[in-house]
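Trainee: Structure in structure tokens, see below.
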Amino acid sequence: MGGLPTAAETERARGIVSKLSLQQVSGQLIVSSWSGVSAANKPVEALHLGGLVAFPASSMTAGKIAAINRNLTKAASKRGYPLFLAIDQEGGTVARLHRGVLGMPPFRAVGAADQVDLTQAAAWQNADGLRRLGFTVQFAPVADVTVGGADRIIGSRSAGARPASVAAHVLAATRGVEEAGLVAVIKHFPGHGSINADSHRSLAVQTAPWSTLLKRDLVPFREAVVAGVPGVMSGHIIVRSLHTTEPATTSRRALAGVLREKWGYQGLIVTDALNMQGVQRRHRGARVAVAAVIAGADVLLMPPNPLAARAALVRAVRAGELTRARLDASATRMIAALLHAAPQPPSVPTRFASTRLARAAVNSVAGPCSGRLIGHQVVVKGAAAKARLIPLLRQRGVRVVRTGAPVIALGAYGWPRNVDVAVAVDRPGPLSQVKARVKIASFGSTNAAMNALVEVLLGERSAPGRLPVSVPGLPRQGC
């Protein structure tokens, strides 16, 4: 993995930073957000913000988003280096773009397929589309290790429950993002997959011993740091075994202590959103920006008020709480990472990656492992994904009726009675709760995922995947 900047890129970034005023270098560390159908250029220019993270309206076309990114880039072109234009486009439940881009399944699909070359190819395909829209940073892959059914927050955003497997797919996905020319930022250090508190709304506390975290939650992060991952996002998680009451985002023991000093990480540390309650309950308002920099963060994501956050950083330097050199170091890392990112030829075949991934991820956990699973007439019930499944079945000659035929049920909870084929389209755990002749775990409701499901139902392809999490009560984890 070649994610860290070269000495020449770092020196060039250092030279750029040396010419910035204190106000400008303070603004450079801040990445604000835009949402809806437009992004304002003026705050980026007036505050010298490092960049923006996008939350576009679901109705926005890819062309409109590309135009916004072009305008932002043009407005900041005099800087001489790229803007930090980021997006959360993991796939599955966390995908900010819904029109004009390739749909990606949740990261759990790569764990089910368990083919690292395919993970890398799919990540490249996803990130390449983002680069073409003008983005420079991808907040993915998710490096959290899930604990399965007990994990109600991260769920299918994680590749699975086996730390070594998650690490392998995180590294592969990171390579794909890098080769597409984006800065990959893995998340959420030190791991959110074994914690049920939602840090958007409350403080998340990790009570497991450090020895357990080293063998489970921290494995993908440690391996990615060793491999030279470009960026790591901190989670708002208090780790009791670090003997601190601070969430990792504002904890020197977590960021400066573990990432920088123990692990020797030289890449970019990005905070999770600073307007979330998981960190605001410790440091209100603009103060959180100062606390995060003191802890070791480089990029301050979405402080509640960017202007107030910049002013707080300036005041902290003038009061001697922070040094100008400390701000310069973070700005240098940020700019160097952006200068380093550049597209290169993909090192694995990427053609039809999303289709191949969808086919490889389908799991059959009960019923026949081959052959046609449904007749020529069915009832389809359940989740919203049926709106995509029904047309595909009809196109293949299957008659979809309301009653009087075997039932295909798609969903996660509240299964209907008399189900013949049960399909989980996100979390496989609830399959253990339904009585059905056939049980299939699929991942996501993209066109590729639904097509792959139809191929299995009609016996045209097998279901080769295996569950990357343990689900008690099922006949098997895969065929």
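The values are calculated or read from the model by the stated rules, or taken from the named source; none is laboratory data. Model, not experiment: these values are computed from the prediction. Please note: Cβ atoms are built from the backbone with ideal geometry, for glycine as well, and neighbour counts cover all protein chains shown. Each accessible area value is taken on the protein alone, full model and side chains, heavy atoms only, with ligands, DNA and RNA left out. Shrake-Rupley method; radii C 1.70, N 1.55, O 1.52, S 1.80 Å.
Trainee: With a probe of 1.4 Å, find how much accessible area region 365-444 has per residue, and write the answer as a whole number in Å².
Mentor: Averaged over the residues of region 365-444, the accessible area is 49 Å².
Trainee: Now for a separate question. How do 416-429, 102-115, 55-68 rank on mean C-beta neighbours within 10 Å, highest first?
Mentor: So the order, starting with the most tightly packed, is 102-115, 416-429, 55-68.
Trainee: Among [x] 37, 30, 26; [y] 51, 40, 19; [z] 41, 24, 19, which is the computed semi-axes √(5λ) of the Cα gyration tensor in Å?
Mentor: Looking at semi-axes √(5λ) of the Cα gyration tensor in Å for this model, the match is [z].
Trainee: Please work out the Cα center distance from region 90-142 to region 1-23, rounded to the nearest Å.
Mentor: 28
Trainee: Show the residues, 5+ positions off or on another chain, whose built amide H is closer than 5 Å to the amide H of residue 206.
Mentor: Placed amide hydrogens put 238, 239, 240 under 5 Å from residue 206.
Trainee: Packing-wise, with mean Cβ within 10 Å as the measure, how do 4-10, 383-389, 230-236 rank, highest first?
Mentor: In decreasing order of mean packing, 4-10, 383-389, 230-236 become 230-236, 383-389, 4-10.
Trainee: Over region 314-401, what percent of the accessible surface lies on carbon and sulfur atoms, probe 1.4 Å?
Mentor: 54
Trainee: Which peptide among 72-84, 289-301 comes first, and what is the full order, when sorted by highest mean count of other Cβ atoms within 10 Å?
Mentor: 289-301, 72-84
Trainee: From the backbone phi of region 451-463, what are the Karplus-calculated ³J(HN,Hα) couplings (6.51 cos²θ - 1.76 cosθ + 1.60, θ = phi - 60°) in whole Hz, Gly and Pro given as x?
Mentor: Once θ is set to phi - 60°, the couplings for region 451-463 become 4, 4, 4, 4, 4, 6, 4, 8, x, 7, 9, 7, 10 Hz.
Trainee: May I pose another question? Keeping to pairs on different chains or 8 or more places apart, tell me how many lysine pairs in the chain have Cα atoms under 15 Å apart.
Mentor: 5
Trainee: Moving to a separate point now. Under the Karplus relation 6.51 cos²θ - 1.76 cosθ + 1.60, θ = phi - 60°, what is the ordered set of whole-Hz ³J(HN,Hα) values for region 363-369, x standing for Gly and Pro?
Mentor: Listing the rounded values in order: 10, 9, 10, 6, x, x, 8 Hz.
Trainee: Each residue of region 438-445 in order: what ³J(HN,Hα) in whole Hz does its phi give by Karplus 6.51 cos²θ - 1.76 cosθ + 1.60, θ = phi - 60°, with x for Gly and Pro?
Mentor: Whole-Hz 3J(HN,Hα) from phi for region 438-445: 10, 10, 10, 9, 10, 10, x, 10.
Trainee: Moving on to the next point. Averaging over every viewing direction, what projected area does the convex hull of the Cα atoms of region 1-154 cover, in nm²?
Mentor: Mean projected area of the Cα convex hull: 10.9 nm².
Trainee: In whole Å, how far is the Cα centre of region 236-264 from that of region 164-223?
Mentor: 14
Trainee: Please figure out what share of the DSSP beta bridges in the chain is antiparallel and state it in percent, rounded to the nearest 5.
Mentor: So the antiparallel bridges in the chain amount to around 15 percent.
Trainee: When the Kirkwood hydrodynamic radius is evaluated over all pairs of different C-alpha atoms of region 123-282, what value in angstrom, to one decimal, is obtained?
Mentor: 15.6
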